[in-house]
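Student: Sharing a structure with you now.
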């Protein structure tokens, strides 16, 4: 097995964990949290699951980026990022940058205050969190689908 194949395996596994976990949070945990009889219990459920997933995704997102950048460097793929037909390459980087910013800048800066404020309006907070998750999941699905199609020469 060569180094690029190994990097690709790490890349795909990291993305499966990252996007799959976000899909689970969006499609399973948040609806369950919003369906509880007491919104405070729903918020507690969300906080509990998110508290377990967040440290994990703080590893998988950087691993996805490192392995992706390694492959781009190793394969000298940088010129492909300038080809409009390869839009999905840039989209992957933009999505990765968005998640890195959310995980390592936005969430630490405002997450604790949001959760604290959410205790006075747990329904409102869960509704807002669900909207953001749906937006991120939709963008992730478009980028992941484009990346698979593009990598197999089915775009452009």
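The values are calculated or read from the model by the stated rules, or taken from the named source; none is laboratory data. Keep in mind the model is a prediction, meaning the values are calculated, not measured. All Cβ positions, even for glycine, are placed from backbone atoms using ideal geometry, and neighbour counts span all protein chains on display.
Student: For segment 109-127, what are the residues that are assigned to a helix (DSSP H, G or I) and surrounded by fewer than 11 Cβ atoms within 10 Å (Cβ to Cβ)? Show your work before the answer.
Tutor: Residues of segment 109-127 assigned to a helix (DSSP H, G or I): 109-118, 122-127.
109, 112, 113, 116, listed by residue number.
Student: Which of the residues spanning segment 88-109 are touching a helix residue (DSSP H, G or I) at 6+ places or on another chain (Cβ under 7 Å) and touching a residue at least 24 places away in the same chain (Cβ under 8 Å)?
Tutor: Let us first name the residues in segment 88-109 that are touching a helix residue (DSSP H, G or I) at 6+ places or on another chain (Cβ under 7 Å), namely 88-92, 95-96, 99-100, 103.
Across segment 88-109, the qualifying residues are 88, 89, 91, 92, 95, 96, 99, 100, 103.
Student: OK, next. Is there a residue being within 21 Å of residue 127 (Cα to Cα), out of contact with any helix residue (DSSP H, G or I) (no Cβ under 7 Å at 6 or more places or on another chain) and surrounded by fewer than 19 Cβ atoms within 10 Å (Cβ to Cβ) anywhere in segment 55-64?
Tutor: Initially, segment 55-64 is screened for residues within 21 Å of residue 127 (Cα to Cα), giving none.
Looking through segment 55-64, none of the residues is within 21 Å of residue 127 (Cα to Cα), out of contact with any helix residue (DSSP H, G or I) (no Cβ under 7 Å at 6 or more places or on another chain) and surrounded by fewer than 19 Cβ atoms within 10 Å (Cβ to Cβ).
Student: Please state which of the following conditions residue 136 fails to meet, knowing it meets all the rest: (1) closer than 30 Å to residue 33 by Cα; (2) not in a helix (DSSP H, G or I).
Tutor: Just one mismatch for residue 136, condition (2).
Student: Here's another thing I want to ask about it. Return the residues of segment 103-123 that are modelled with pLDDT of 90 or more and closer than 17 Å to residue 22 by Cβ; say none if nothing qualifies.
Tutor: Passing the criteria: 103, 104, 106, 107.
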